[in-house]
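Q: Could you have a look at this structure, given as structure tokens, before my questions?
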Amino acid sequence: MQDAYSRRNFLKLSAALLAGGAAIAGSGTRAEAIGHVAGPAQRVFEIKGYCPFCQVRCTYKARVQGGRIVSLTGDADNYWTGGAMCPKGMSMVELVNSPYRITEPMYHEANGSWRRISYREAVGMVADRMKDVVQRHGDKAGNRVAMTMPLWDCLESEVAALMALRTVGCVQALPPGETCVSTASNMLGDMLGVNSGTTQVDDICNARTLVLWGANVSDLYPPYTRWLAKTREQGVKIVYVDPRKTRTSMWCSQQLRPVPGTDGMLALGAIAYILNKGAYNEERARFQIEDFDNLKPQSASATMDKVASITGISEEELGTFYETLAASERTIVWLGGSLSRQSNGIGTVRSIILLQALRDNLIGQGKGMLTFQSGKPGGIDELVDHFFGENATPKLNFRRIRLAMEKGRLDILFLNSSYRRYPDARGVRKAIEKVPFVVHMGFFLDEESEVSTLFIPAAFGPESAGCGYGNENQLAWREQIVRAPGSCVPAWQFYRDVGRLVDPRRYPDFEGPEDICRMMQAHVPSWKGITMERLKASSTLVWPIYEQGAAERKGTVFSEGRLLTPSGKMRVQDRVFGGINRWTYPKGHPLGRKASKDFPLILLQGKQLWHWQQTLTNFTHSMGQFSNGRFVQVHPKTAAGLGLQEGDRVLLETAVGGLEALVEISENVRPDFVFTPANCCRTTPVRENCSPSICDILPNSWDRISAQHNGTGCRLRKI
Amino acid sequence: MAHYIMAIDSERCMNCKACIIACQQRNHVPYGLARNWIRETACSTAPAGFRFQPGTCMHCDDPSCVRACPTAATWKDSDGSVKIDVSRCIGCGSCIKACPYHARFLNPQSGTADKCDYCQGSTPGEVPACVAVCPTHCRIFGDADDPGSEVAGVLATRKPIHVIPKNSGARPTLTYLDATTPEILPEGPTESRPVEAMRPMAKAVTWIGGLVLAALGGTFVRQLLWPSAREEEEPAANAAGHRASNRAREEGTAEDHRGQS
Ligand code: SF4
């Protein structure tokens, strides 16, 4: 008989277990430690690893006993973290041993049941499909295949996967950041010639002013709080722009709480103020801004009273902020992801970058821009091209891929990580359901498994060696710490095995990540100095290093004293994106032109400190113990107006759907918006983390680059 | 002999709870229970809306828990820490009731009293896990008799504050630095210490015993792969219909950028 199970079985079991759990926990006597307790006689080894979640990329020492990880401790040698870690990272101990983990490949039958298959069978099935696409579509095959990233374990897995795609001429690997930092990344690339932060986090100590523009550092990158604390101790003025009071508020001397979605107006106002005051060096500004003369007319309408009325910040507070900017000799602006998540983000980010250029705050020590989720060492495409030739096919963004899926023009989707990161997630799901062959490499029976044809059980980082990379362009090497259970494989292995079957002639031969890493060192100039020996001996190593033995490059990227765009300048009036003078509210914003009166509150969603996206951490009890499932933070005035009390159940509704939430009343939000966490997922057995995805109820709004996650109108109804 | 003290700069605590999970893992404390804690006090003038106070066993002098123990399983050691010899502990719970800080609990796995031991039981000679992982370095631990130690330095230069439950007569050694909220704890039982009590909105949420789920989960996943009989089939779940909204109109660029996830 075939091995099989159905979703109903899954649900029934879940329900039964939940009921049992409730009964037992109610008595208050039972609890289990999830970590592994080995016998006292077994020796303890310490092995270095790194966290797979955020781009702080904390390195740690794993204590391993009896072949299992017993605990993690932050790596005190890590210059960037100082040995700190956040709770998410430590949940890896639970994840690797999770009882919910699926450890064998499975094929999803048309009737919804799963059939267990062997790893060889699974790889063969994928390779056959790939060959079939080539046979049917020839040199057009490439755009019939797509992959969503990230791959969870290491940089080498990414290389192996991109090469597997290239065996059929495909370059459609969708960067995850497309929906979180893409606008900022693209605008930084366009205007500064570098699509990430222009300096490193330790440089904030050299600034006079640090503006955290929507950058909730302490919740998103907890270990980087030490840099905030140090900066404050050194007398640097920290200004935090965020409608919400958060942990980051603790480190700031001023917080501005604008109406969500109006940051662009705040930045325009700053430009106008500085121009009016003459608080800039025109020669330096012209050195960086090609059409400097456009700046004044394009910002002129952002008068103090207009900015105050749109942002909801008093003129007095605005005056203090603008005066700080006008007087500061060295300012670093840290851009938060939320600016990229509103459909007016392009103009906003452009205005902020222009503001920095106007004040000559881009080039030099203690100056520049920082971002989240940046810092990706270059060279991967170079290596892939080395084996597969230069790529001439344009890369498509997710909107185009979604359209292809809806039109039945996509034959294979490699679904790594979560489709629920895209707004209108239910629409995305429907589109995916039109793809005849969806391969999900994952860990649990989650929303992605539901829409996939084939489930490939993935290995967690500690189960394979490889390089991780982080926000500071730093690399960290990890040895294999423990063995993966069952048939779980690291992504590099799966994609290598597929690639070899599809195109054994071109797919390079490698045994593991170390071989790929050596290939990078051999074929990519910027990796030449990143030798295996040096990687293994260092806690972290900052890319690029062009020569063996050369020092790591730290600080500003503008070491030649000019911007890195071809002309060394940026433009106010961009040929593609226009000027900065057409400020509007984000799409669907309650105060926008076409706003519906039915949805008067602004919806904001964001990360919670102990969760990463909608995926892995939701499956852990260690993080569940801190969670409250889906909640909405509501200001006391809003709550009073709606007759809501702490703990009430409400329906959180937007124009495209609704979901249930618990009310938390807090003055940390403004009366005009509600906040809800971004992480929850529907399929987790951990009740405290369980809720449909927030993206289920977000409309499919995009600007020209990224999707809108924040700023749409919503309402709350008591249920 | 060393004289261990933990000092806490609670104004730096941002309530990330890294210390709690680090301790749970290092010392095999079941999730849901904890040897250490973070007390939240709502405060509208505080930048984040709360004042946070991390805590753990206060390693008191002349501790009431030691006086309460009928088997002498717990004692005040000459290194300044209050210790438990689990081989002598009968799990009677007297010490748990006697501790005015609720720093002790009955470990359901060992059946004995459990509390902070500065990680000396799990990783002797190492910095306690909570101290090692703290992103803001708000916990400082070491030998107060060693003038070169960081803890001796802060104890000498900063204002020490001992948080004492009213009328308890407790003599804690855990020292807060300069300021902390609250400075006095109410008389009698304070809040209990399961992690649940540290969650925002804890009262509003029904705690549904996820811990037990984990224990049974192994069977559960085996069931998925080797069920005894094939269940009646149902079509793959279809998402509820969505209303088409703004269709993709503009051609976007999908420039690869430096984001991992
Ligand atoms: S999620 Fe980020 S901050 Fe937390 S442990 Fe992992 S890398 Fe460090």
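Q: Any idea how far apart B:Ala179 and B:Ala46 come out in nm if each label point goes 7 Å out from Cα toward Cβ?
A: 1.2
Q: With a Förster radius of 60 Å, plug the Cβ-Cβ distance of A:Arg575 and B:Gln109 into 1/(1 + (r/R0)^6) and report the FRET value to the nearest 0.05.
A: 0.35
Q: Which one, A:Leu413, A:Met187, A:Thr531, is farthest towards the positive end of the dipole of chain A when Lys and Arg carry +1 and Asp and Glu -1 on their Cβ?
A: Among A:Leu413, A:Met187, A:Thr531, the one farthest towards the positive end of the dipole of chain A is A:Leu413.
Q: Moving on to the next point. Hey, can you grab everything whose amide H is under 5 Å from the amide H of B:Cys116? Only 5+ residues off in sequence or another chain; H modelled, so Pro and N-termini drop out.
A: For B:Cys116, whose amide H was placed from the backbone, the distant partners under 5 Å are B:Cys57.
Q: If you roll a 1.4 Å probe over the heavy atoms of the protein chains, what accessible area per residue do you get for segment A:378-447, in Å²?
A: 31
Q: Shape of the protein assembly as shown from its Cα gyration tensor (a ≥ b ≥ c, root eigenvalues): rounded if a/c is under 1.5, otherwise prolate when a/b > b/c, or oblate?
A: Rounded, because the longest to shortest axis ratio a/c is under 1.5.
Q: If you don't mind, another one. May I ask for the percentage of alpha-carbon pairs in segment A:228-273 that lie more than 18 Å from each other?
A: The answer is 38 percent, as a whole percent.
Q: Rounded to the nearest 500, what is the 222 nm mean residue ellipticity of the protein assembly as shown from helices alone, with -39500 (n - 2.57) per DSSP H run of 4+ residues and division by all residues?
A: -7500 deg cm²/dmol
Q: Let me ask something else about it. Relative contact order, percent, of segment B:4-192 when contacts are C-alpha pairs under 8 Å separated by at least 6 residues?
A: 29
Q: Using Cα centres only, tell me the gap between segment A:253-269 and segment A:372-428 in whole Å.
A: So the two Cα centres are separated by 33 Å.
Q: Moving to a separate point now. Tell me whether segment B:4-192 comes out rounded, prolate or oblate; compute the Cα gyration tensor, take square roots of the eigenvalues as a ≥ b ≥ c, and use a/c under 1.5 as the rounded threshold.
A: Rounded, because the longest to shortest axis ratio a/c is under 1.5.
Q: Cα axis of helix A:513-523 to longest principal axis of chain A: angle in degrees, 0 to 90, nearest 10?
A: Between the helix axis and the principal axis of chain A, the angle is about 50 degrees.
Q: Follow-up. Share of the protein assembly as shown's accessible area from carbon and sulfur, percent, 1.4 Å?
A: C and S atoms contribute 50 percent here.
Q: I need two numbers for segment A:91-211: Rg to one decimal and Dmax as a whole number, Cα atoms only, in Å.
A: My reading of the Cα-based Rg and Dmax gives 20.7, 63 Å.
Q: Among the residues of segment A:63-110, which ones have their accessible area go down by 50 Å² or more when all the protein chains sit together, as opposed to their chain alone (1.4 Å probe)?
A: At a threshold of 50 Å² (probe 1.4 Å), the residues of segment A:63-110 that become less exposed are A:Arg63, A:Thr73, A:Met90, A:Pro99, A:Tyr100.
Q: Still on this model: Separation of segment A:183-211 and segment A:653-719 by C-alpha centroid, Å?
A: The distance from the Cα centre of segment A:183-211 to that of segment A:653-719 comes to 30 Å.
Q: What whole-number distance in Å separates the alpha-carbon centres of segment B:85-114 and segment A:289-308?
A: 67
Q: Follow-up question, since we're still on this one. How large is ³J(HN,Hα), in whole Hz, for each residue of segment A:434-450 in order, when computed from phi with the Karplus curve 6.51 cos²θ - 1.76 cosθ + 1.60 and θ = phi - 60°, using x for Gly and Pro?
A: Each residue of segment A:434-450 in turn: 8, 7, x, 9, 10, 9, 10, 9, x, 10, 10, 7, 10, 4, 5, 4, 4 Hz.
Q: Which of the lysines could be linked to A:Lys230 by a straight reach, that is with a Cα gap under 20 Å, when you skip same-chain ones fewer than 8 residues away?
A: Leaving aside lysines fewer than 8 places away in the same chain, those within reach of A:Lys230 are A:Lys367, A:Lys554.
Q: From the phi of every residue in segment A:201-209, what ³J(HN,Hα) in whole Hz does the Karplus formula 6.51 cos²θ - 1.76 cosθ + 1.60 yield, where θ is phi - 60° and glycine or proline is x?
A: Values per residue, Gly and Pro as x: 4, 5, 6, 5, 5, 8, 7, 9, 9 Hz.
Q: Hand me the GluC sites (Glu not before Pro) from segment A:250-357 located in a DSSP loop with no more than 16 other Cβ atoms within 10 Å, in residue order please.
A: Passing sites in segment A:250-357 are A:Glu290, A:Glu329.
Q: List the accessible area buried at the contact between A and B, summed over both sides and calculated with a 1.4 Å probe, in Å² to the nearest 100.
A: Roughly 9900 Å² of accessible surface disappears when A and B pair.
Q: Over segment A:353-445, what lengths in whole Å, largest first, do the semi-axes of the equivalent ellipsoid take, defined as the square roots of 5 times the eigenvalues of the alpha-carbon gyration tensor?
A: Working from the Cα gyration tensor, I get semi-axes of 35, 20, 15 Å.
Q: Moving on to the next point. How far, in degrees from 0 to 90, does helix A:345-358 lean away from the longest principal axis of the Cα atoms of chain A, to the nearest 10?
A: 50
Q: Report relative contact order for chain A in percent, whole number only (criteria: Cα-Cα under 8 Å, sequence separation at least 6).
A: 18
Q: How big is the dipole moment of segment A:601-718 about its Cα centre under a simple scheme where the beta carbon of each Lys and Arg is +1, that of each Asp and Glu is -1, and everything else is neutral? Debye, nearest 20, please.
A: Result for segment A:601-718 is approximately 120 debye, rounded to the nearest 20.
Q: Give the accessible area for A:Leu335 in Å² (nearest 10); use a 1.4 Å probe, count only protein heavy atoms, and leave out ligands, DNA and RNA.
A: Result for A:Leu335: roughly 0 Å² accessible.
Q: How many Å² of accessible area per residue for segment A:182-371, probe 1.4 Å?
A: Here the per-residue accessible area is 27 Å².
Q: I would also like to ask the following. Which loop-located trypsin sites (Lys or Arg not before Pro) does segment A:392-483 contain, where loop means any DSSP state but H, G, I, E or B and the Cβ has at most 10 other Cβ atoms within 10 Å?
A: Filter output for segment A:392-483: A:Lys407.
Q: Still on this structure, I have one more. If we sort A:337-350, A:256-269 on the protection proxy, mean other Cβ atoms within 10 Å, highest first, what's the order?
A: Going from most to least packed, we get A:337-350, A:256-269.
Q: For segment A:397-528, just list the percent of Cα-Cα distances falling in each 5 Å bin from zero outward, please.
A: Once binned at 5 Å, the Cα pair distances of segment A:397-528 give 2, 9, 15, 16, 17, 16, 15, 9, 2, 0.
Q: When the Karplus curve 6.51 cos²θ - 1.76 cosθ + 1.60 is applied with θ = phi - 60°, which whole-Hz ³J(HN,Hα) does each residue of segment B:177-184 get, with x for Gly and Pro?
A: Once θ is set to phi - 60°, the couplings for segment B:177-184 become 10, 6, 7, 7, 10, x, 8, 10 Hz.
Q: Oh, and also: In segment A:140-187, which residues give up 50 Å² or more of accessible area once the other protein chains are added, compared with their chain alone (1.4 Å probe)?
A: In segment A:140-187, residues shielded by partner chains: A:Pro175, A:Asn186.
Q: Taking amide H atoms as placed 1.01 Å from N in the peptide plane, list the residues 5 or more away in sequence, or in a different chain, whose amide H sits under 5 Å from that of A:Tyr50.
A: Close amide H contacts, sequence-distant or interchain: A:Tyr60.
Q: Same structure again: As a test of reading the structure, rank A:Tyr495, A:Tyr546 by solvent-accessible area (1.4 Å probe, protein chains only), most first.
A: Final ranking, largest accessible area leading: A:Tyr546, A:Tyr495.
Q: With heavy atoms of protein chains only and a 1.4 Å probe, what residues of segment A:217-231 have at least 10 Å² less accessible area in the full set of chains than alone?
A: Checking the loss per residue gives A:Pro222, A:Thr225, A:Arg226, A:Ala229.
Q: Just to confirm, what accessible area per residue do you get for segment B:4-192 at 1.4 Å probe, in whole Å²?
A: Accessible area per residue: 38 Å².
Q: Mind running the shape call on segment A:182-371? Use the C-alpha gyration tensor, a ≥ b ≥ c as the square roots of the eigenvalues: rounded below 1.5 for a/c, prolate if a/b tops b/c, oblate otherwise.
A: rounded
Q: List the residues, sorted by chain then number, that are 5 or more residues from A:Arg682 or on another chain and whose placed amide H is less than 5 Å from its amide H.
A: It is A:Ser691, A:Ser693, by chain and number.
The values are calculated or read from the model by the stated rules, or taken from the named source; none is laboratory data. This is a predicted model, so every value here is computed, not measured. Methodologically, a virtual Cβ is constructed for each residue, glycine included, from the backbone with ideal geometry; neighbour enumeration extends over all protein chains shown. In case anyone asks, the SASA skips ligands and DNA or RNA and just uses the protein heavy atoms, side chains included. Shrake-Rupley method; radii C 1.70, N 1.55, O 1.52, S 1.80 Å.
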